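Just so it is clear, none of the values below were taken in a lab; they were calculated from the coordinates. As the structure is a prediction and not an experimental result, all values here were calculated from the model. Reconstructed Cβ throughout: ideal geometry from the backbone, glycine too, with neighbour counts over all protein chains shown.
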Amino acid sequence: MHFNFIAILAPLVGLASLTKAQIQLGCPDALRGGDFTVSSATLTPGFPFTVVANMTCANNLGFTPTYLDFYIENNFNNNGFELPILLSRGTYNQSADPPLHTFTTVVRIILS
């Protein structure tokens, strides 16, 4: 009995690429940097809040981060000399399943 391996492998390769394309279709290009949620409804100086960064779409689209830096900017009444405030800096755990990066922090600076 003789099998043609190219005829057998070609559909499998096509199926694998189709599956990756279907995964990418579920992820809009805007999520290549991740999807972020903040647990506190209002950010008040001195009170903690939690940020969860979901990197599922970033990984699926091929934008897996190495390092993650989270900043906030004061856009209200900013005279142009106020620097962004660093909330968290860290190395992304690429083996995390699900691919989430979570941190809790407190803003001690009054933004006015």
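Report the calculated FRET efficiency for Asp69 and Cys27 (r = Cβ-Cβ distance, R0 = 30 Å), to the nearest 0.05.
Numbers: r = 22 Å, r/R0 = 0.74.
Approximately 0.85, to the nearest 0.05.
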Item to check | Zone of Thr91's modelled label, taken as backbone nitrogen in region 30-65 under 18 Å from a point 7 Å along Cα→Cβ | outcome: 64-65
Item to check | Dipole magnitude of region 29-106, debye to nearest 20 (Cβ charges: Lys/Arg +1, Asp/Glu -1, about Cα centre) | outcome: 100
